[in-house]
Each structure stands twice: as structure tokens, then as C-alpha cells.
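Chemist: Below is one structure. I have some questions about it.
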Amino acid sequence: MRILITGAAGFLGSHLSDTLLADGHEIIGMDNFITGSPDNIAHLASNKNFSFYERDVSNYIFVPDKVDAVLHFASPASPNPQSKSGYFNLPIQTMKAGALGTHNCLGLAKVRNAKFLLASTSEIYGDPEVHPQPETYAGNVDPIGTRAVYDEAKRFAESLTMAYHRFHNVNTRIVRIFNTYGPRMDLEDGRALPNLLKQALLGQPLTVYGDGAQTRSFCFVDDLVNGIVKLLYSEEHLPVNIGNPVEMTILQFAETINRITGNKAGIIFEDSRSARDPQRRRPDITRAKQILDWEPKVDLEEGLRRTIPFFQKKLGLA
Ligand code: UDP
């Protein structure tokens with residue numbers, strides 16, 4: 001297939017590009033670099049099956065020649081208010097990437113008769129009242145809450161995707177992505193893993209927000225990409241959760257990072273960064289198992305070991 005990936009210079013977009021290139025596809029990458037990095041795709045520059053356009057997907061997008069699939073991964077995604085690349089500091093761009101960007105990608109997919117896959121998110125469940133979260137749970141999101149620019153843009157994007165599927169018969173897919181980590185994460189994006197792993201490798205105390213009792217479930221990027229590719233190859237049009245169902249508190253997560261890195265500086269507790277920090281999050285992956293025969297294989301310790309060398313290099317430690 002000849003596949004357009006928006007957000008190709010991002011953490012997930014770049015890994016997805018690698019995997020689909022290895023699978024024999026041709027990739028057209030697109031990114032405006034407001035949160036993605038040229039470093040993430042530098043290794044693809046000489047690959048004859050990879051081409052790249054520096055574009056903002058919230059404007060009209062044109063791609064010459066045939067397009068068989070459009071994978072929309074462009075969006076700021078970090079909820080940390082302190083991060084320059086987080087959606088708190090890019091609120092309008094975030095809404096435009098989710099709303100106008102999805103519209104442009106769907107329009108392109110429709111006119112070229114291409115498949116479309118939307119990168120959606122566990123954030124559409126908001127601060128969930130149902131645990132773990134199955135795809136049938138409609139969510140608990142405040143439309144004017146501090147996370148709304150991301151959550152509501154992605155919710156709109158899902159609605160628009162289903163509208164194009166139901167009304168225009170576009171061959172669509174929706175993946176709801178849960179917390180993911182691995183090499184090529186932005187060390188400065190303020191999320192739990194980059195913050196805590198960076199602190200641990202520098203021998204600093206780990207900053208846990210609130211009391212650390214809030215939970216998350218962390219998926220290694222290779223597992224996640226493998227699930228997304230299976231969804232692309234499937235004929236499933238309804239949303240599918242992809243994530244790791246092993247749930248832990250953020251305090252346990254921080255302790256694991258200190259243990260694996262041998263950091264002796266301990267943990268400090270800071271004010272919870274926002275009143276809307278979801279308290280619990282874990283994917284119900286029953287549908288992914290049944291429909292895609294997919295489940296994650298890399299546990300947290302192994303995933304950390306595979307992520308650490310990238311962080312050490314970025315920090316000038318190796
Ligand atoms: N967190 C933390 N310390 C940090 C960064 C994040 O305790 O230095 C917590 C954060 O409050 C949240 C969890 O880790 O409860 C996961 O945050 P992340 O930013 O990775 O993404 P989220 O899952 O909230 O979308």
C-alpha cells in the first residue's frame with residue numbers, strides 16, 4: 001500500500017512508519033514539527049520508499065499519485081501544563097489537528113478510495129466512572145475542562161470518522177490508544193515516563209504528582225504499533241482499545257523506575273497538576289484479543305530496559 005501518515009515525525013508516527021516500511025509498504029510522512037522532531041525520521045531520509053512533506057494537516061492537504069491508506073496521527077498529546085509541546089500550551093492547534101485535520105484526512109481518503117485510520121485515545125473516556133474501560137463506555141468528559149481541547153477534539157474526530165463511514169462508506173478504523181512509552185518519546189513533554197526516567201538517570205528524586213495513588217497502564221511502543229497494524233489489516237470499523245492492561249499506581253511505577261535504574265535519590269510528592277487528572281485508567285482489551293488476536297507481550301521491566309539507551313543518549317550519558 002501507499003500510506004500517508006500524518007504526525008510521522010512524532011513518537012508513534014515514526015515507529016509506525018518503520019514497521020509499515022518493513023512490511024513492504026510505501027510511506028508518505030507529513031508533519032509540521034510543532035511537537036514532532038526531524039530526529040525521529042532522520043534515519044528514513046535515504047529510504048526510497050519514504051517521502052516527506054512538511055505541512056500542517058489542519059490546512060488542505062494534497063498528495064500526488066495514488067493513496068491506499070491515510071493514518072491520522074498528528075496532534076499534540078501531552079497533558080502537562082508545564083510542557084511547551086503539551087496541549088495546554090497549544091490549545092487551538094490541538095483542536096484544529098483533531099477537528100480540521102481529521103476532516104481533511106477523511107476527505108482525502110474518500111476521494112482516493114483509501115482506508116482511513118484515526119489515532120484516538122483513552123482520553124475520550126475522561127476521568128472514567130467505569131473500570132476498566134471497554135469500548136462501549138461513553139466517557140466522563142467536561143467540554144470546558146482543562147483537558148477538553150484534546151479530549152473533545154478526539155471525540156469529535158471519532159464522530160466524524162463514523163459519519164464518513166456510515167454516510168460515505170469510507171473504509172475507516174479507530175484505535176483508542178492508552179498510555180504508551182518507548183524510544184523517541186520527547187524527553188521534555190512532561191509526561192510520566194519521560195519525566196521520571198530522565199530524573200532517575202540523572203540521579204534526581206522522582207516527582208510524583210498528588211499522592212501517587214492514581215493508576216495508569218503502560219504499553220511498550222512495539223506492542224502498540226503491532227496492534228495498530230493488525231487493526232489496519234482488519235475490517236473492523238468500530239473503535240478498538242489498544243494498550244497494556246497491567247495497571248499500577250504512579251507511585252509503583254516510580255518505584256519500578258528507581259529500582260531498574262538503580263537510582264537512590266528516592267521520590268518527592270508534588271501538588272497534583274490538575275483537578276482533572278484521571279484517577280484510574282486501564283484498557284479492557286477483550287475486543288482487541290477477539291478481533292485482532294492481539295495482546296501486549298513486553299512487560300514494564302523489559303520495556304524500560306529497551307527505552308533506557310535512547311534516554312541515556314539524549315541526556316549525553318552514553
Ligand atoms: N505524573 C507524575 N509525575 C510526573 C509526570 C506525571 O506523577 O513527573 C503523573 C500524572 O499526574 C498522571 C500520570 O503520572 O497521574 C500519567 O501522566 P501522563 O502525563 O503520562 O499522561 P496521562 O496519563 O495523564 O494522560
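The values are calculated or read from the model by the stated rules, or taken from the named source; none is laboratory data. Values in this document were obtained by computation on a predicted structure and should not be read as measured data. Positions of Cβ are generated from backbone atoms using ideal geometry, with glycine treated the same way; all protein chains shown enter the neighbour counts.
Chemist: For the stretch 116-128, check the following and say yes or no: at least one residue is more than 13 Å from the ligand (Cβ to nearest atom) and assigned to a loop (DSSP other than H, G, I, E, B).
Modeler: The answer is no; no qualifying residue exists.
Chemist: Next up: Does the stretch 265-318 hold any residues that are in contact with a Ser or Thr (Cβ under 7 Å, 6 or more places away or on another chain) and of a type in the set (S, T, N, Q), and which are they?
Modeler: Matches in the stretch 265-318: Ser274 only.
Chemist: Could you say which residue among Gly29, Gly13 is touching a helix residue (DSSP H, G or I) at 6+ places or on another chain (Cβ under 7 Å) and among the small types (Gly, Ala, Ser)?
Modeler: Exactly one residue qualifies, and that residue is Gly29.
Chemist: Please verify whether the stretch 159-172 includes one or more residues that are hydroxyl-bearing (Ser, Thr, Tyr) and surrounded by fewer than 18 Cβ atoms within 10 Å (Cβ to Cβ).
Modeler: Looking through the stretch 159-172, at least one residue is hydroxyl-bearing (Ser, Thr, Tyr) and surrounded by fewer than 18 Cβ atoms within 10 Å (Cβ to Cβ).
Chemist: More than 16 Å from the ligand (Cβ to nearest atom) and more than 19 Å from the chain's Cα centre (by Cα): is that true of Lys313 in this structure?
Modeler: Spelling it out, Lys313 is indeed more than 16 Å from the ligand (Cβ to nearest atom) and more than 19 Å from the chain's Cα centre (by Cα).
Chemist: Specify which of the listed residues (Arg281, Arg305) is within 16 Å of the ligand (Cβ to nearest atom) and either of a type in the set (Lys, Arg) or within 17 Å of the chain's Cα centre (by Cα) (or both).
Modeler: Arg281
Chemist: Additional query: Looking at Val175, Val208, Val246, can you tell me which residue is aliphatic (A, V, I, L, M), away from the ligand (no atom under 14 Å from the Cβ) and buried (at least 22 other Cβ atoms within 10 Å of the Cβ)?
Modeler: Checking each option against the conditions leaves just Val175.
Chemist: Let me ask something additional. Of all residues being of a type in the set (Val, Ile, Thr) and either at positive phi or not in a loop (DSSP other than H, G, I, E, B) (or both) in the stretch 279-318, which is surrounded by the most Cβ atoms within 10 Å (Cβ to Cβ)? Just the residue, please.
Modeler: Thr307
Chemist: Kindly list, by first and then second residue, each pair from a residue in the stretch 54-80 that is more than 24 Å from Thr146 (Cβ to Cβ) to a residue that is in a loop (DSSP other than H, G, I, E, B) and polar (S, T, N, Q), limited to pairs with Cβ atoms under 8 Å and residues at least 6 apart or on different chains.
Modeler: From residues that are more than 24 Å from Thr146 (Cβ to Cβ), the pairs are Glu54/Asn32; Arg55/Asn32; Asp56/Asn32; Val57/Asn32.
Chemist: Could I ask something else about it? May I ask you to verify whether Ala138 is away from the ligand (no atom under 11 Å from the Cβ) and buried (at least 18 other Cβ atoms within 10 Å of the Cβ)?
Modeler: No: the conditions fail for Ala138.
Chemist: Being in contact (Cβ under 8 Å) with a residue 24 or more places away in the chain, out of contact with any His (no Cβ under 6 Å at 6 or more places or on another chain) and surrounded by 20 or more Cβ atoms within 10 Å (Cβ to Cβ) is true for just one of Ala99, Ala109. Which residue is that?
Modeler: Result of the check over Ala99, Ala109: Ala109.
Chemist: Can I ask one more? Are any residues in the stretch 186-205 within 11 Å of the ligand (Cβ to nearest atom) and either closer than 18 Å to Gly13 by Cβ or within 21 Å of the chain's Cα centre (by Cα) (or both), and if so, which ones?
Modeler: Asp189, Gly190, Arg191, Ala192, Leu193, Pro194, Asn195, Leu196, Leu197, Lys198
Chemist: Got at least one residue in the stretch 6-19 being touching a Cys at 6+ places or on another chain (Cβ under 6 Å) and closer than 27 Å to Ser122 by Cα?
Modeler: No, the conditions are met nowhere in the stretch 6-19.
Chemist: Across the stretch 34-92, which residue is surrounded by the fewest Cβ atoms within 10 Å (Cβ to Cβ) among those that are aliphatic (A, V, I, L, M), part of a loop (DSSP other than H, G, I, E, B) and touching a Gly at 6+ places or on another chain (Cβ under 7 Å)?
Modeler: It comes out as Val57.
Conditions (1) in contact with a Leu (Cβ under 7 Å, 6 or more places away or on another chain); (2) within 20 Å of Lys230 (Cα to Cα); (3) at pLDDT 95 or above, marked per residue:
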{"residue": "Ile28", "(1), (2), (3)": "yes, yes, yes"}
{"residue": "Thr35", "(1), (2), (3)": "no, no, yes"}
{"residue": "Asp39", "(1), (2), (3)": "no, no, yes"}
{"residue": "Ala42", "(1), (2), (3)": "no, no, yes"}
{"residue": "Arg55", "(1), (2), (3)": "no, no, yes"}
{"residue": "Phe88", "(1), (2), (3)": "no, no, no"}
{"residue": "Lys96", "(1), (2), (3)": "no, no, yes"}
{"residue": "Val111", "(1), (2), (3)": "no, no, yes"}
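Chemist: Can you tell which of Phe220, Phe253 is among the aromatic types (Phe, Trp, Tyr) and either free of Cβ contacts under 8 Å to residues at least 12 places away in the same chain or within 13 Å of the ligand (Cβ to nearest atom) (or both)?
Modeler: So the residue among Phe220, Phe253 that is among the aromatic types (Phe, Trp, Tyr) and either free of Cβ contacts under 8 Å to residues at least 12 places away in the same chain or within 13 Å of the ligand (Cβ to nearest atom) (or both) is Phe253.
Chemist: While we're on this one: Of the residues Asn140, Asn171, Asn179, which is farther than 19 Å from Gly36 by Cα and touching a Lys or Arg at 6+ places or on another chain (Cβ under 7 Å)?
Modeler: Only one candidate qualifies: Asn171.
Chemist: Still on this model: Does Arg287 meet the test of being touching a strand residue (DSSP E or B) at 6+ places or on another chain (Cβ under 8 Å), basic (Lys, Arg), closer than 30 Å to Thr172 by Cα and at pLDDT 95 or above?
Modeler: Yes.
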